[in-house]
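Enquirer: My structure is below; once you've seen it, I'll send some questions.
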Amino acid sequence: MSNNRQEIRPWSPEEEAQLLALFNEGMTAGELAERLGRSRQAVYGRLQRFRKQRGRVSRTNGRAFAQWIG
């Protein structure tokens, strides 16, 4: 059975920072997807993860995740 989905690749910290910066500038999910070379669903999913993680702290050092503050 063939799978036509694009190759799944993890988000780098640099890509996540760029995603948040561009999102905060008002870019749409479609624009973000095109700019970052990701699917619109991948962008939605990553943004949803940030919303769920807001206010949580790292288990290792007890500090809030910088990209989720704000």
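The values are calculated or read from the model by the stated rules, or taken from the named source; none is laboratory data. Here the structure is a predicted model, which means the values were calculated and not measured. Note that we place each Cβ from the backbone using ideal geometry, even for glycine, and neighbour counts take in every protein chain shown. In case anyone asks, the SASA skips ligands and DNA or RNA and just uses the protein heavy atoms, side chains included. Shrake-Rupley method; radii C 1.70, N 1.55, O 1.52, S 1.80 Å.
Enquirer: What is the number of the single condition among (1) loosely packed, with under 11 Cβ neighbours inside 10 Å; (2) at pLDDT 85 or above that S39 does not meet?
Expert: Failing condition for S39: (1).
Enquirer: Can you confirm whether E31 is at pLDDT below 90 and open to solvent by 70 Å² or more (accessible area, probe 1.4 Å)?
Expert: no
Enquirer: Have a look at R49, R5, R54 and point out the one that is modelled with pLDDT of 55 or more and either surrounded by fewer than 10 Cβ atoms within 10 Å (Cβ to Cβ) or in contact with a strand residue (DSSP E or B) (Cβ under 8 Å, 6 or more places away or on another chain) (or both).
Expert: R5
Enquirer: Further question on the same structure: For the structure I just gave you, tell me whether S12 is at pLDDT 90 or above, among the polar types (S, T, N, Q) and at negative phi. Walk me through how you get there before you give the answer.
Expert: Numbers: at pLDDT 90 or above: yes; among the polar types (S, T, N, Q): yes; at negative phi: yes.
For S12, the condition - at pLDDT 90 or above, among the polar types (S, T, N, Q) and at negative phi - is met.
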